[in-house]
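Nothing in this text is a laboratory measurement; each read-out follows from the coordinates by a stated rule. Remember, predicted model here, so these are calculated numbers, not experimental data. Counting neighbours? That spans all protein chains shown, and the Cβs are built from the backbone with ideal geometry, glycine included.
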Amino acid sequence: MLTLLFDGIAYGMLLFVLAIGLSVTMGLMNFINLAHGAFAMAGGYLMVLLMQRAGWSFLACLPLAFAVPALLGALFERTLYRRMYGKPHLDQVLFTIGLTFMAVAAVDYAVGSSQQIIQLPDFLRGRSEFLDGALGVGHYRVFIIVVCIALALGLQAVLMRTRFGSRLRAAVDDARVAGGLGIPVNRIFLATFAVGSGLAGLGGALGAEVLGLEPTFPFKFMVYFLIVVAVGGTSSLTGPLLAALLLGIADVFGKYYVPKLGAFIVYLLMIAILLYRPQGLFARERGR
């Protein structure tokens, strides 16, 4: 029981890092980016290629797994996504889902459709037993939890205690007024989109060993990202974090105790929460 709870928490923290960029673009920037999973896939495949073909170490690959998708996100925001701001949400959905299909086809053509395997360093392999074997702690899952907690605290500090965070909130509440006050709205949105894409890439690299990595990755986990955003709301990082933890724990317990139902437990939990709170666990009042 305790082992399942620990694994569910690790899974939930990983989903939080993967989904938080989507939460920012949907909640703060009011843009539906269903190609978010493609940036996560990019980080995962970059990790695989650097480790398998260039001989890089696991830890050395992690900064690049963030930086390269962040640069790609900035490039795409400047050349493609910015043109879609203000468009109807259906247009945004069709546009970004089309980009996802293109990314999946490109990766399948370039790398192949087989699932990729990550070789973890020795210190991240194995498990430790506690409480007379009642709690089995995987070393890599401990690493994931520590990294994700550090990221969550860092993001919360940036959003709530820095000048950039206050400018971002102002730009989101009313971009025209913020621009009139001298706030560089376009640059702030560019940086925000880049960071969200970079976090997705980092999550994809961290999750390659746990979630598996193949060209269909963006479609396989797209629903999970959307559930985290829908259930958690967009008022702060707290909602998506709590939603990701609930989702991870429910998924692990459900697949262990009732494996024939698959993800049914997750969807049932989502429906129950949204029936009780349609606006998500934490609602955010938007400026007019």
inquiry  = How would the stretch 59-121 be classified by its alpha-carbon gyration tensor: rounded, prolate or oblate, with rounded meaning a/c under 1.5 and the a/b versus b/c comparison settling the rest?
reply    = oblate
message = Suppose we look only past 31 Å in the calculated P(r) of the stretch 2-215. What percent of the Cα-Cα pairs does that tail hold?
response = 26
task = Note the angle between two axes, namely the Cα long axis of helix 58-79 and the longest principal axis of the Cα atoms of the chain, as a number of degrees from 0 to 90, rounded to the nearest 10.
result = 30
query = How do Thr216, Thr192 line up, fewest other C-beta atoms within 10 Å first?
reply = Thr216, Thr192
message = On a full-extension model of 0.36 nm per residue, what is the gain between Arg169 and Gln156, subtracting their alpha-carbon distance, rounded to one decimal in nm?
response = 3.4 nm
query = Dipole of the stretch 2-215 (Lys/Arg Cβ +1, Asp/Glu Cβ -1, origin at the Cα centre): which of Leu72, Leu15, His139 lies farthest to the positive side?
reply = Leu72
key: the stretch 137-194-the stretch 30-45 distance, computed between alpha-carbon centres (Å)   = 17
query = What are the semi-axes of the equivalent ellipsoid for the stretch 1-114, taken as the square roots of 5 times the Cα gyration tensor eigenvalues, largest first, in whole Å?
reply = 26, 21, 14
task = Would you pull out the residues with amide H under 5 Å of Gly233's amide H, same chain only if 5 or more places away, H placed 1.01 Å from N?
result = Leu281, Phe282
query = Using a Förster distance of 45 Å, how high is the FRET efficiency between Leu131 and Met102, based on the Cβ-Cβ distance and rounded to 0.05?
reply = 0.35
task = Work from the charge dipole of the stretch 2-215 (Cβ charges, +1 for Lys and Arg, -1 for Asp and Glu, about the Cα centre) and give the residue of Thr3, Cys61, Met160 farthest towards its positive end.
result = Met160
ask   = Contour minus end-to-end for Thr79 and Arg176, with contour as 0.36 nm per residue of separation and end-to-end as the Cα-Cα distance?
value = 32.8 nm
request  = Determine the gain in length on full extension of the stretch Lys255-Asn186; use 0.36 nm per residue of separation and subtract their C-alpha separation, reporting nm with one decimal.
outcome  = 20.5 nm
task = Measure nothing fancy, just the Cα-based angle from helix 217-232's long axis to the longest principal axis of the chain, in degrees from 0 to 90, nearest 10.
result = 70
task = Give, rounded to the nearest 20 debye, the magnitude of the charge dipole that the chain has about its Cα centre when Lys and Arg contribute +1 at Cβ and Asp and Glu contribute -1 at Cβ.
result = 880
request  = Would you please put 266-272, 111-117 in order of how densely packed they are, using the mean number of other Cβ atoms within 10 angstrom per residue and starting with the highest?
outcome  = 266-272, 111-117
query = To the nearest 10 degrees, how steeply does helix 139-161 sit against the main Cα axis of the chain, on a 0 to 90 scale?
reply = 20
Semi-axis lengths, Å, the stretch 1-52, gyration tensor of Cα atoms, sqrt of 5 times eigenvalues = 24, 20, 6
note = So for the stretch 149-224, using the alpha carbon gyration tensor with a ≥ b ≥ c as root eigenvalues (a/c under 1.5 gives rounded; past that, a/b versus b/c decides prolate or oblate), I'd call it prolate
